[in-house]
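Reviewing the structure listed below.
Just so it is clear, none of the values below were taken in a lab; they were calculated from the coordinates. Everything numeric in this text was worked out from a predicted model, so none of it was measured. Neighbour counts are summed over all protein chains in view; Cβ atoms, including those assigned to glycine, are modelled from backbone coordinates with ideal geometry.
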Amino acid sequence: MKDAPSNSDNVIDSRDIIKRIEELQEEREVLVDAVAEKRETLNDAIDPTSCLGKEERQEARDALAEAEDELKTWDEDDGQELKALTDLADEASASPDWTYGETLIRDSYFQDYAMQLAEEIGAIGENLDWPACHIDWDAAADALKQDYTRVDFDGVDYWIRS
């Protein structure tokens, strides 16, 4: 995957958000499973009926501590990204084409987006000569926002089609 979606991107495809959430959830699940496996190994090692010696029990304790540290480090490093993306997905997934590819437009970029859209649909010419150079693009962008919903991506406003 290209760079992970971030709230510094001007335009984001919802499919990139969905894919990144899945990647992060899978990474975390592997670590959670490793902790569970190491905990089970330790429980078996400290069982009174176990034939394992003191050294093997200590190795099991160390392996569990290492797996727990890896999970804690992941949560500190990547957990916030996962939370920001899942919060965004929860808020934006009501958009009609969320799972098929909906565009999120950063608020500070929305006017440029409106200009590009107007050009793409043939509402204005490519060279932005008269009359396009006299259009109040702030007003045009605000009018276009009526078809969009504002969503928050970790403190940054984005617009997504309603």
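Listed by chain and number, the lysines placed with their C-alpha closer than 27 angstrom to that of Lys38 are Lys54, Lys72, Lys83; residues fewer than eight positions away on the same chain are left out.
Among 97-104, 22-29, sorting by the average number of other beta carbon atoms lying within 10 angstrom of each residue, highest first, gives 97-104, 22-29. Only Cα pairs under 8 Å and 6+ residues apart enter the sum, and on that basis the relative contact order of segment 98-161 stands at 46 percent. In the frame of its principal axes, segment 98-161 has Cα extents of 39, 24, 17 Å, reported largest first. Between Ala34, Trp74, Ser50, the Cα set farthest toward the positive side of the dipole of segment 11-88 (charges on each charged residue's Cβ, about the Cα centre) is that of Ser50.
Treating each Cα of segment 11-88 as an identical point scatterer and summing with the Debye formula, the log10 of I(q)/I(0) at q = 0.15 Å⁻¹ comes to -0.61. Over the chain, DSSP H runs of length four or greater, each weighted -39,500 (n - 2.57), average out per residue to a 222 nm ellipticity of -20000 deg cm²/dmol.
Once you list every other residue whose beta carbon is under 9 Å from the beta carbon of Asp154, what net charge do they have if Lys and Arg are +1 and Asp and Glu are -1? Here the count lands on -2.
In plain terms, if you count all Cα to Cα distances in the chain and split them into 10 Å steps from zero, the share in each step is 10, 27, 21, 15, 11, 8, 5, 3, 1 percent.
Helices meeting the span-like rule in the chain (full DSSP H runs, Cα extent of at least 30 Å along the helix axis, mean Kyte-Doolittle score of -1.0 or higher): 14-46.
Sequence-distant contacts, meaning Cα pairs under 8 Å at least 6 residues apart, place the relative contact order of the chain at 29 percent. Extension gain, Glu119-Arg150: 0.36 nm per intervening residue step, less the Cα-Cα distance, totals 8.8 nm.
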